[in-house]
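Only one structure is covered here, and it is reproduced in the block below.
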Amino acid sequence: MTEQDLSGRVALVTGGSRGIGRAICRRLAQAGAWVAVNHSSSDEAAAETLAEIRADGGEGGVWRADVSSFAATDAMFGSIEAERGPVDLLVTNAGIASFQDDVDMPVDLWRRILAVNLDGTFHCVWRAKEGMRAGGDGRIVCISSINGLAPTTMRPDRLIAYGTSKSAIIGFARNCAVAFGPAIRVNCVAPGLVDTDMTRDMSEEMRQRIVAGTPAGRTGTPEDIAALTHFLLSDAAGFITGQTYVASGGLVTLP
Ligand code: NAP
């Protein structure tokens, strides 16, 4: 067994139907975890994620739940627990963004982005923590963003709500790492630009400008983010908690 083997583990990946979440689901299942694929609306895409897991020889199931609702999140956890036992690997990845200039955003837009990105992360961590504390070996990765570390200056869209939600996720994860250690490790991953549905409407000119400022000379893939997330969930990262890891090809570097 390698240090990154996840056999016998029960993983939940929110927003697992598409993009980064789908790649994380696949990666964790390839490492041996049983994977619950969460999504909020795209049933077909979620079924495709599960089909890919099975094609790789892995196992899992699909749970439709809007993580911005605690009642829906609670019901999802109850159902997973009834089928497989407590979740001991959690990836809070579900997220939404509005790539517009937020300077005059409507109040409802702020509320929705914070509800999905921040409250959704809180709901899942809160629901997972009791089972993880009882089991004594829970591991959580929260997906933040480079926009949670610094406001965007390269783009005309000022992501006030999105950036705030992603900063708050980093603060939340740090606090949880202290509160719930040693039973639970909690870390964040802050991706740079990754090609997914979320970023598909970006202009080619903007994409090229970002790539030109990126030492790695390319945008990220969902698999880049999945590899880092897998590492942080594994035994290999046993001494790492409360941290934020940036995967942006060098576009953003921490001091
Ligand atoms: P994506 O392709 O748009 O996929 C978003 C996923 O989140 C989908 O599976 C979607 O489910 C799910 N989701 C949305 N709202 C939900 C809700 N209320 N409850 C449950 N699931 C919900 O996005 P992505 O690019 O893979 O992004 C994944 C995460 O990475 C997000 O947190 C995002 O902020 C972060 N991120 C992305 C980038 C990037 O450049 N792509 C960069 C930094 C950080 P449905 O399919 O059912 O809608």
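The values are calculated or read from the model by the stated rules, or taken from the named source; none is laboratory data. Remember, predicted model here, so these are calculated numbers, not experimental data. Glycine gets a Cβ as well: all are built from the backbone with ideal geometry, and neighbour counts include every protein chain shown. With ligands, DNA and RNA removed, areas are computed over all heavy atoms of the protein, side chains included. Shrake-Rupley method; radii C 1.70, N 1.55, O 1.52, S 1.80 Å.
Tabulated values for the structure
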{"quantity": "Which numbered condition Ala23 fails, given (1) more than 14 Å from the ligand (Cβ to nearest atom); (2) open to solvent by less than 40 Å² (accessible area, probe 1.4 Å); (3) assigned to a helix (DSSP H, G or I)", "calculated": "(1)"}
{"quantity": "Conditions (1) part of a helix (DSSP H, G or I); (2) within 11 Å of the ligand (Cβ to nearest atom); (3) over 16 Å from the mean Cα position of the chain (by Cα): number failed by Val252", "calculated": "(1)"}
{"quantity": "Region 26-44, subset near the ligand (Cβ under 7 Å from one of its atoms) and surrounded by fewer than 18 Cβ atoms within 10 Å (Cβ to Cβ), residue farthest from Phe70 (Cα to Cα)", "calculated": "Ser42"}
{"quantity": "Region 206-255: number of residues that are without any contact (Cβ under 8 Å) to a residue 24 or more places away in the chain and farther than 30 Å from Gln100 by Cβ", "calculated": "2"}
{"quantity": "Single residue of region 1-18 satisfying the filter (open to solvent by less than 30 Å² (accessible area, probe 1.4 Å) and within 16 Å of Leu228 (Cβ to Cβ)) that is farthest from the ligand (Cβ to nearest atom)", "calculated": "Leu6"}
{"quantity": "Single match in Phe231, Phe239 (criterion: part of a loop (DSSP other than H, G, I, E, B), closer than 19 Å to Leu6 by Cβ and away from the ligand (no atom under 12 Å from the Cβ))", "calculated": "Phe239"}
{"quantity": "Some residue of region 58-72 being open to solvent by 50 Å² or more (accessible area, probe 1.4 Å), in a loop (DSSP other than H, G, I, E, B) and either in contact with a strand residue (DSSP E or B) (Cβ under 8 Å, 6 or more places away or on another chain) or among the acidic types (Asp, Glu) (or both)", "calculated": "yes"}
{"quantity": "Matching residues, region 154-201, being near the ligand (Cβ under 8 Å from one of its atoms), in a helix (DSSP H, G or I) and open to solvent by 60 Å² or more (accessible area, probe 1.4 Å)", "calculated": "Asp197, Met198"}
